[in-house]
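Enquirer: Could you have a look at this structure, given as structure tokens, before my questions?
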Amino acid sequence: MHLTISHSRIGDTLQTVIALIALSMGTISSCLADEILIGGATVSVTPDQPVALWGQMSTRISAGVESPVTATVLALESRRDGQSTEQSIMVACDLVAIPDEVLLKTRQRVTELVPEFPVAKIFLSATHTHTGPVMNEGIYAIPPTGVMQPTEYVHFFAERVAAAIVSAWTKRKPGKVGWGLGHAVVAQNRRAVFDDGTAAMYGRTTENKFRMFEGYEDHGVEVLCCWDADDKLIATAINLACPAQEVEGRSFVNADLWHDVREKLRAEHGSDLHVLAWTGAAGDQSPHLMFRKAAEERMMKLRGLDRLKELSRRLVAAWKEAYDGAKLEKLSDVPLIHQRDIVELPRREVTGREWELAKAKLADLSKQTGMQTLLWWHGGVVRRYEQQQAGTAKPYTMELHTIRLGDIAIATNPFELYTDFGIQMKARSPALQTFVIQLAGPGTYLPSQRAVEGGGYSAIAESNEVGPEGGQILVEKTLAAFQKLWATAK
């Protein structure tokens, strides 16, 4: 069964969980070297009232729930001679991004429930569904009544996710892990390049001036599987280099393509299967069709599918391809190492021309109504330029989590990271298989150099806190962390 926590039951649930975790910490007997213990939990983070939906430039208030949004926890621990040697807590969330405040509040709540819990080993990541709740104040013009405010939702979310983390940790038991690789065409590079060298997100490919797509696509589907001691599949993580934003413009809460994937896998492997959706480096990717639309739509119609079901069909087929290999190599005694580093990256410099253009936009928008989100967006460029000029601009500080689990490597970043950077990490990694998880933080695009040269949304100053130079530094620091993991485990 999934962990589902109601307001009326949360106090009793947490008291029970705290008692169980205290018991588990003191009674696990001596076990084999590097034995892996696994726990999982899935909790609904679907708001119980209307909310503003995050991801577009205009305010949308939810008119209902088309599919629940969830947070899924995977808790791992390694033990040697009965002693805990490492812990790692991974939480995948149906959200646009993970604001710093959300991670902080979740960790604080876990600490309140279980003092001395290793909260630095907790990371949260987002699927980037554009039909999940807003979590930041001040970006959207949200009605003051009849709608759950962002601050209220953050509290709601942190309470539930913290309880799920503690539950997953409490339930951890000896198990086995395995990994595999499948392939699915879900992502399409969404930046069209034209004959004058300019680029545009979702640019019209039917125009005569269209020449190419700007970058590569990564159709690999990296899969991690976890079984209990009786070989029952209890959790799986699916790493796809594509955001979950096929239905991004709707005014309903919706987990996008991942809901149907979860339902299909649970129908085959049990309703209590925990499915973590990890979004890979995909700042320039989207599931939206960029060309061959008529042929694609005809095939979906002939098969009786809508776009979400078509995408989930491909993903489930890729998962099965990976699972067929992974289940042949189930391992119970693999190394687990979780590193957390604080990394500073140079901020993208705002030019004088960009500052002037942003100020002109602000002057024009301030004369109109309903422009709060765009005012906030362009206003950020003005503030950053003024900080540069005053000498008060600070580097972008982020958490970098790198994990070795057997032969696989996992790395996080807080950005909508262009796929070029993720491919570098995978190609140069010492691991057999590498999982790159973006949006383990507050977001903002991190573009390639060719994207900045082409311009357009996602590659302009308004879209970027960090530019290509910082992206390459992130790649090198991630790879250095991987090398350290492999050196440590030798």
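The values are calculated or read from the model by the stated rules, or taken from the named source; none is laboratory data. These figures come from a predicted structure and were not determined experimentally. With ideal geometry, Cβ positions are generated from the backbone for all residues, glycine too; neighbour counts draw on all protein chains shown.
Enquirer: For residues that are surrounded by fewer than 17 Cβ atoms within 10 Å (Cβ to Cβ), within 29 Å of the chain's Cα centre (by Cα) and not in a helix (DSSP H, G or I), tally how many sit in the stretch 341-390.
Expert: Of the residues in that region, 5 qualify.
Enquirer: State which residue pairs qualify: first residue in contact (Cβ under 8 Å) with a residue 24 or more places away in the chain and inside the stretch 204-216, second residue among the hydrophobic types (A, V, I, L, M, F, W, C) and part of a strand (DSSP E or B) in any location, beta carbons under 6 Å apart, and separation of 6 or more residues or different chains.
Expert: Pairs that qualify, where the first residue is in contact (Cβ under 8 Å) with a residue 24 or more places away in the chain and the partner is among the hydrophobic types (A, V, I, L, M, F, W, C) and part of a strand (DSSP E or B), are T205/A192; E214/V193; E214/A199.
Enquirer: Right, next: Write out, first by first residue and then by second, each pair whose Cβ atoms fall under 6 Å of each other, whose residues are 6+ apart or on separate chains, and whose first residue, in the stretch 466-490, is without any contact (Cβ under 8 Å) to a residue 24 or more places away in the chain and closer than 12 Å to Q449 by Cα while the second is among the small types (G, A, S) and buried (at least 16 other Cβ atoms within 10 Å of the Cβ).
Expert: P468/S448
Enquirer: Follow-up question, since we're still on this one. Confirm whether E416 is among the charged types (D, E, K, R), out of contact with any His (no Cβ under 6 Å at 6 or more places or on another chain), under 20 Å from Q245 (Cβ atoms) and touching a residue at least 40 places away in the same chain (Cβ under 8 Å).
Expert: Yes.
Enquirer: Among the residues of the stretch 460-475, is any in a helix (DSSP H, G or I) and of a type in the set (D, E, K, R)?
Expert: Looking through the stretch 460-475, at least one residue is in a helix (DSSP H, G or I) and of a type in the set (D, E, K, R).
Enquirer: Still on this structure, please answer the following. Would you check if there is a residue in the stretch 241-259 being under 19 Å from D324 (Cα atoms) and either surrounded by 19 or more Cβ atoms within 10 Å (Cβ to Cβ) or touching a residue at least 24 places away in the same chain (Cβ under 8 Å) (or both)?
Expert: Within the stretch 241-259, the first condition is being under 19 Å from D324 (Cα atoms), and the residues that meet it are none.
No - not one qualifying residue is present in the stretch 241-259.
Enquirer: OK, next. Just give me the residues in the stretch 352-379 being touching a residue at least 40 places away in the same chain (Cβ under 8 Å) and of a type outside the set (F, W, Y), in sequence order.
Expert: First, the residues of the stretch 352-379 that are touching a residue at least 40 places away in the same chain (Cβ under 8 Å): 354, 358, 370, 372-374, 376-378.
Passing the criteria: E354, A358, G370, Q372, T373, L374, H378.
Enquirer: Could I ask something else about it? If you check S67 against the conditions, is it over 17 Å from A164 (Cβ atoms) and at pLDDT 50 or above?
Expert: yes
Enquirer: Follow-up question, since we're still on this one. Which count do you get for residues in the stretch 175-203 that are among the small types (G, A, S) and in contact with a Pro (Cβ under 8 Å, 6 or more places away or on another chain)?
Expert: In the first step, residues of the stretch 175-203 are kept if they are among the small types (G, A, S); the result is 175, 178, 180, 182, 184, 187, 192, 197, 199-200, 203.
Those left that are additionally in contact with a Pro (Cβ under 8 Å, 6 or more places away or on another chain): 187.
Of the residues in that region, 1 qualify.
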